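Chemist: Structure in structure tokens, see below.
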Amino acid sequence: MHILVIEDEPETAAYLQKALGESGHTADHAGDGETGFAMARDGAYDALIVDRMLPERDGLSVISGLREQDVTTPVLILSALGDVDDRVKGLRAGGDDYLPKPYAFSELLARIEALARRTNPDDTQTRYVVGDLSLDRLKREVTRAGQVIPLQPREFRLLEYLMRHAGQVVTRTMLLERVWDYHFDPQTNVIDVHISRLRGKIDKNFDTPLLHTVRGAGYAIRDDRG
Amino acid sequence: MSFLPKLFRTTTFRLSVLNLVLFATAAAVAIAYIYWNTSGLIARQLDGVIQAEIQGLAEQYRAGGMARLTKTVAERSQTPGESLYLVTDRNGRYIAGNLTSITPGLWNAVGQIEFVYQRRNGAESQNRLALANVFRLRGGYRLIVGRDIEERRAFERVILSAVLWGLGLMGLIGLGGGLLVSRNLLARIDKVTATSQTIMAGDLSERISVTGADDELDRLSESLNAMLDRIEQLMTGLREVSDNIAHDLKTPLNRLRNRVEDALRAKSGAADYRDVLERTIEEADDLIKTFNALLSIARLEAGTTEAARGQIDLAELVSDTVELYEPLAEESGMKLETRLLQKAHISGDRQLLGQALSNLIDNAIKYGRGQGKAQADPIVIDLKKRGDQFEIAVADRGPGIETRDRKRVLERFVRLETSRSRPGSGLGLSLAAAVARLHGGDIKLANNKPGLRVVITLPASGAADAAET
């Protein structure tokens, strides 16, 4: 993926560029809002990482400016503030996701990959298939190897989100946000227990596990045999 | 000596001067009005007397000519009084009358004139003011009929000096009074200023003295003192909190540092380094979480966070949160039980309330386990409406919290476990309390006999369509 990082702090920017490079992406850097705006408008990027506080032009203004010019590149906002209302403001300006500083790079990577993937028009897909596991969004039915697996509504949504991002890492925070719509940090890791329950239903009685734990990052659903 | 200029700049002094000027102007206008009227009346009376004299003399003159006039003037001049007469021939020689000396210019004048004449009073003669009419008669004779108006002038002088003295005294007394009052007030204000300077210099225990007069200054002082009490209280609280923060963040930082140092010293392999680094990241993440929680509490308590308010259904929020924690509870061998209203709409922030509630449930799962029982009692979460308030209660059958500790655990970083073996920052309840307060509600800890019952009360918004299940 080709990513543009708009960040005024040189060290953070260099770290992001390096880490994104190591993850198999290429990243350009803009040090202020105006330059970032021009680069994002003219270059073909798969995703933008925009810091909220920028010299020359505020991050939110850059994003809304781009949206006005019909640039639909997905944007991840980075912010040192981290309030709930701050997140709302960021999304209202046209951002697609929001990550408060300080963050784990694995979290940022998972989110930016999920964002870039979102531009693919697979939201209209009514069936997700990973290996012999399939999920029918219309019938709200999950089968594995032809066998129907009964799921609770929330378990269904959890699996649906994982399968939409099949092959990608999905973090615990992303799951809490997208499946439960909770944007805070629960003191205990509640998501892990939900995942192990789901795993018990879709993986337990089958030979190949599909739902994998990615150490230090989150979870991914994928068929390793393929 | 900057006292006097300072005094002149006081509001009280300026107000008294202004008041004085206004009053003096009003008094001067009133006195002037009275003066003009009185002196006008006197002038008219005088004029009337002179006219009557002239008329009388004119009658004599018409009846008996010059001889009769001269005789009458001579007669009248004998009677002592204020009337003045003089008859002269064409050369200005005296024929009759009591006006002995006149200035030559008087002869050329015709009509009414004011002039100074000399009156003989025994041996002395004095200059006096007179008002007279000069007539030219046939044959070059002249007649002057007038009246001494020295009395009137004296009267005017008396009034004028009375006015001047009056105004002068009024100004003096007014200024003096103003200065006195201002000095009094200034002294009290200076005291307040001195006290506040001491406070600014760092002594927060200082208070402004109250005179006991129960006037507006006393009331101001009392209200300032109350404010100072509140500030002192907040400052003390803040100091305690920062001490706690320093302690609670220093300990894990130290631990983190020691672990890294230890790993460096051990000269072990890459795998060990990796392990240490991973654990370091975990601890750093925990520290960040603690920081975030602290910041959130601070912002909530300061009221600087704009809660993203919306209409939310508490029943839905509670069941969502319970659903999120259910598997965790089961894994810890506990159960969550809910008794909920069907609908409980309030205006609130779903994220904040969800976080508060999840902190309570999390605590109940961690600490709410009854001891020595094979099957743990369920944690009961109920949502009720009482009056115009909703009550969300999370009740467990654990060891509970002693009455004396119940208020304390709501404070930041207070953890009753002295060993601090179980994970947690000691901020969960503080955050829940801050969220409840931000929504105009409250949080209370009660005895569940046995166990702990934490109750969040939130004001119901408007006409809530709540119904008991």
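Rule-based calculations on the coordinates, nothing more; no lab input. In this text, all values refer to a predicted model and were calculated from it rather than measured experimentally. So basically every Cβ, Gly included, is an ideal-geometry build from the backbone, and we count neighbours across all protein chains shown.
Chemist: Between residue B:205 and residue B:247, what FRET efficiency comes out of the Förster formula 1/(1 + (r/R0)^6) with R0 = 35 Å and r the beta carbon distance, rounded to 0.05?
Modeler: It comes out at approximately 0.85.
Chemist: OK, next. Residue B:222 versus residue A:132, label points 7 Å from Cα toward the beta carbon: distance in nm?
Modeler: Label-label distance for residue B:222 and residue A:132, simple model: 8.5 nm.
Chemist: Give me the distance in nm between label points sitting 7 Å out from Cα along the Cα-to-Cβ direction at residue B:234 and residue B:110, one decimal.
Modeler: Those two pseudo-labels are separated by 9.4 nm.
Chemist: Another question, then. Within region B:238-329, list the GluC sites (Glu not before Pro) lying in a DSSP loop whose Cβ has at most 16 other Cβ atoms in a 10 Å radius.
Modeler: Passing both the DSSP loop test and the Cβ count: B:306.
Chemist: Relative to the compact-globule scaling 2.2 N^0.38 Å, provide the ratio for the alpha-carbon radius of gyration of region B:216-300.
Modeler: 1.86
Chemist: May I ask for the angle, rounded to the nearest 10°, between helix B:314-331 and the longest principal axis of chain B, with both axes built from Cα atoms and the value confined to 0 to 90°?
Modeler: 30
Chemist: Next question, about the same structure. As I understand it, the value is the acute angle between the Cα axis of helix A:105-118 and the longest principal axis of the Cα atoms of chain A; what does it come to in degrees, rounded to 10?
Modeler: Compared with the principal axis, the helix lies near 80 degrees.
Chemist: In sequence order, what are the phi-derived ³J(HN,Hα) couplings for region A:216-223 according to the Karplus relation 6.51 cos²θ - 1.76 cosθ + 1.60 with θ = phi - 60°, rounded to whole Hz, with x for glycine and proline?
Modeler: Rounded to whole hertz, the list is x, 9, x, 9, 8, 9, 6, 9.
Chemist: Sticking with this structure for a sec: Taking a cut-off of 17 Å between Cα atoms, list the aspartates and glutamates near residue A:139, but don't count ones fewer than 8 places away on the same chain.
Modeler: Residue A:139 reaches A:123, A:155, A:160.
Chemist: Within straight cross-link reach of residue A:89, meaning Cα distance under 16 Å, which aspartates and glutamates are found once same-chain residues fewer than 8 apart are removed?
Modeler: Partners within reach: A:51, A:58, A:97, B:306, B:349.
Chemist: In the Gaussian network model of chain A, springs joining C-alpha atoms below 10 Å, which of A:174, A:39, A:163 carries the largest mean-square fluctuation?
Modeler: Evaluated over chain A, the most mobile residue of the options is A:39.
Chemist: Cut-off 20 Å, label point 7 angstrom out along Cα-to-Cβ of residue B:257: give me the residues of region B:280-298 whose amide nitrogen falls inside.
Modeler: Under cut-off, by backbone N: B:280-291.
Chemist: Another question, if that's okay. Just the ratio, please: alpha-carbon radius of gyration of region B:308-459 over 2.2 N^0.38 Å, N its number of residues.
Modeler: Here the answer is 0.99, to two decimals.
Chemist: Across region B:238-391, how many lysine pairs separated by 8 or more positions, or lying on different chains, have Cα atoms within less than 30 Å?
Modeler: Lysine pair count for region B:238-391: 16.
Chemist: Continuing with this model, one more query. Whole-Hz ³J(HN,Hα) for each residue in region A:150-166, computed from phi via Karplus 6.51 cos²θ - 1.76 cosθ + 1.60 with θ = phi - 60°, x for glycine and proline: what do you get?
Modeler: Those phi angles translate into x, 10, 5, x, 5, 5, 5, 5, 4, 5, 4, 5, 4, 6, 5, 9, 3 Hz.
Chemist: From zero outward in steps of 10 Å, how is the percent of C-alpha pairs of chain B spread across the bins?
Modeler: 3, 12, 13, 11, 8, 7, 6, 6, 5, 5, 6, 7, 6, 3, 1, 0
Chemist: Would you mind telling me the antiparallel percentage of the DSSP bridges in the protein assembly as shown, rounded to 5?
Modeler: The antiparallel proportion sits near 75 percent.
Chemist: To make sure I understand the rule: partners must be lysines, Cα under 20 Å from the Cα of residue B:6, and not fewer than 8 residues away in the same chain. Which ones qualify?
Modeler: Straight-distance partners of residue B:6: B:191.
Chemist: Test of understanding: extend the Cα→C-beta vector of residue A:196 to 7 Å, then name every residue of region B:320-336 with backbone N under 15 Å from that spot.
Modeler: B:325-334
Chemist: Also, quick follow-up: List every residue whose amide H lies under 5 Å from the amide H of residue B:460, counting only residues 5 or more places away in sequence or on a different chain, with H placed 1.01 Å from N in the peptide plane.
Modeler: Close amide H contacts, sequence-distant or interchain: B:389, B:390.
Chemist: Checking the a/c ratio against 1.5 first, then a/b against b/c, what shape does the Cα gyration tensor give for region A:2-118?
Modeler: rounded
Chemist: Follow-up. Using the C-alpha gyration tensor of the protein assembly as shown, what are the square roots of 5 times its eigenvalues, in whole angstrom, with the largest one first?
Modeler: With the √(5λ) rule applied to the protein assembly as shown, the semi-axes are 106, 32, 26 Å.
Chemist: Helix A:59-68: angle to the longest alpha-carbon principal axis of chain A, degrees 0 to 90, nearest 10?
Modeler: Compared with the principal axis, the helix lies near 80 degrees.
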